[in-house]
Amino acid sequence: MSERSTLLALATITACALPFVAGAQSAGGAGGALPKRDLSGVWQPANPLDGIQPNGARNMPADGKHEPPYTAFGLELFKRNRPSNGTTEVNPAEENDPAHACDPQGFPRENLFELRTTQIVQSPIQTIILYTYGKIFRIVWTDGRELPKDPDPRWFGYSVGKWRDDYTFVVETNGTDARTWLDNAGRPHSEDMHVEEVYHRVNRDRMELNMTIDDPKVYSKPWLALDKLPMKLMPANTDVPEMMCSPSELAEYNRRHASKGEIRGKQ
Amino acid sequence: MRKGCTAIVIAVVAGLLLASPSRAQNAPAKAAAPAAAPRHDISGIWTPARSPSDGIGALGARDMPEDGKPEHQPPYTPLARDKMKSYRPGNGARQVLPADLNDPAIIYCDPQGMPRQDLYELRDTQILQTALSVVILYQWSSVWRVIWADGRELPKDPPEPRWFGYSVGKWVDDYTFVAQTSGTDPRTWLDKGGRPHSEDLHIEETFHRVNHDLLELTVTVDDPQMYTHSWVALNKFPMKLLPPNTDVREMMCSVSEFMDFNKRMGFGNPTATNTGGIVK
């Protein structure tokens, strides 16, 4: 009896501790079959500048023509934010964008500002996204767990994902910290925000990213922040350059160049 | 007869069931031997084995803490001592008051960089292996590092200094992965105790998988500009394997929170008078 129990225990330990060896199906050059259930690889916006999004979410830029469906509360929150880009931009010394003072961007802004070369690694129970900006990583759980009902707020929220079909991976995120801005144009969000990302692998070398914002406190209906943003596959040995916010550099820059010589303007 | 057999069977079964627990109660519990280490595999979610706080490194490198003891003084060159004069750490034998701090990773939330990412707040750490690389995911600041394992050499003249340097690694045997890092930005502090480094810093990390559930990390610092010889910052730092579905909590530096904290505590604003790591 005890030997059987020991064997069962060993089998369980082994099963539970499988190595996180990422799928490398996408390594190598162009061509070849479209891999199923595989987003792994190093991806970059098909037009490298496409992911910068200085005026806010690419499909809802703050250009005077595109206005998210604010609730009254949402509009009030928006007016408190003083961004350095977009229709409500202010002088650098006046802005109060916490991410420009190098607070974590958080999510979904990590997809909506400075989205650059992005590596995706898949393990049996996770999809892990490695971002250039800030060298931040995000974990998307794919082990069947549900989103937490009452999450602790996190800068990057809590994410779960599953395959809708062999080439479409859908991620749901909640529990984001309401202090972050949704994008670089100062759009706000609440702690009740829910974000859906849809990663669709079109062919071996191309993926499209959709992102929908749903936050009933702040927006009267869901809206599309990214609509099929095209990403192209890079070689697997691509060296991703560093891109990090350094508050000390910012402080030094402001001292040398800003009129008031402060890190940030009025709060 | 049938009733008798049934009774005997019941008795035997009952005896077996009763015997097992009592044998367990009488015999001392034996710890199960750890499973064997898998080959060429350091993947998983690891955490400091001795205690969750073992990797904090508040006084600097765990095996060379800045505690004032002579045996824990790195072999500084005169250049290092000179550079250190401008460092005002918040912990250790040379610590200053909060308002006087100039540790850029603390007062500004500048990136810690390497090797400090191994030497301060080393917590739950996930290691991934791809076909060409080993990727390390750190809890502190949710940053990732890539160690190229595709046979490339370290760059002779790194294209630009990086906070986290440039890393390559290889297996020296089936259970030991060795990473080399160079090209780090000299603005970072080597550790929380305020030890310096130059752009010529070379770091060696040895990840040794002892068994299935135990990994040991050794970090060696080599920087001829700053230290007369190489020294060990972490010596076989033990890390234990966590379940693969472990949810690692966020742990991030927030400048705005730090400012707010200082204001409430009356610590003043240390960023008002200095720029941290940028030495004038």
Across B:219-229, the residue-averaged tally of Cβ atoms belonging to other chains within 10 Å stands at 0
All alpha-carbon distances of region B:62-141, grouped into 10 Å bins from 0, give the whole-percent distribution 14, 38, 31, 14, 3
Per the Cα gyration tensor, region B:179-249 corresponds to an equivalent ellipsoid with semi-axes, largest first in Å, of 28, 15, 10
B:Tyr76 and B:Asn211 label points (each 7 Å along its Cα→Cβ direction) are spaced in nm at 4.3 nm
Quick note on B:His197, B:His40, ordering by fewest other C-beta atoms within 10 Å, gives B:His40, B:His197
Taking R0 as 51 Å and r as the Cβ-Cβ distance between A:Thr88 and B:Lys156, the FRET efficiency 1/(1 + (r/R0)^6), rounded to the nearest 0.05, comes to 0.55
Taking region B:45-272, the equivalent ellipsoid from its C-alpha gyration tensor has semi-axes in Å, biggest first, of 28, 21, 17
Expressed in angstrom and rounded, the centroid-to-centroid distance over alpha carbons for region B:199-244 and region A:113-184 is 30 Å
Neighbour-count ranking for B:His72, B:His229 (other C-beta within 10 angstrom, fewest to most) reads B:His229, B:His72
XL table A:Lys162/A:Lys217; B:Lys192/B:Lys236; B:Lys83/B:Lys236; A:Lys36/A:Lys221; A:Lys36/A:Lys228; A:Lys79/A:Lys221; Cα-Cα > 22 Å flagged, in table order, is A:Lys162/A:Lys217; B:Lys83/B:Lys236; A:Lys36/A:Lys221
Over chain B, the sum of -39500 (n - 2.57) across DSSP H runs of at least four, divided by residue number and rounded to 500 deg cm²/dmol, gives at 222 nm -5500 deg cm²/dmol
For chain B, longest principal axis from Cα atoms; helix B:255-265 axis from its Cα atoms; angle between them, nearest 10 degrees, is 80 degrees
When A:Glu95, A:Glu146 are ranked with the fewest other C-beta atoms within 10 Å first, the list becomes A:Glu146, A:Glu95
Computed Rg/Rh for region A:33-257 (Cα atoms; Rh = Kirkwood radius) stands at 0.96
Tilt, helix B:2-26 to longest principal axis of chain B (alpha-carbon atoms), in degrees rounded to tens, equals 30 degrees
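Grab the beta carbon distance between A:Lys228 and A:Lys149, set R0 = 22 Å, and tell me the FRET efficiency rounded to 0.05.
With a Förster radius of 22 Å, E is 0.10.
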In this structure, among B:Lys170/B:Lys240; B:Lys69/B:Lys170; B:Lys69/B:Lys263, pairs with alpha-carbon gaps over 30 Å are B:Lys69/B:Lys170; B:Lys69/B:Lys263
GNM of chain B, Cα pairs under 10 angstrom: of B:Leu154, B:Leu119, B:Leu190, the biggest fluctuation goes to B:Leu154
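How high is the FRET efficiency from A:Ile52 to A:Lys162, r the C-beta distance, R0 22 Å, rounded to 0.05?
According to the calculation, E is roughly 0.15.
Bear in mind these aren't lab numbers, they're just calculated from the coordinates by the rules spelled out. In this text the structure is predicted, and so the values were computed from the model without any measurement. Note that we place each Cβ from the backbone using ideal geometry, even for glycine, and neighbour counts take in every protein chain shown.
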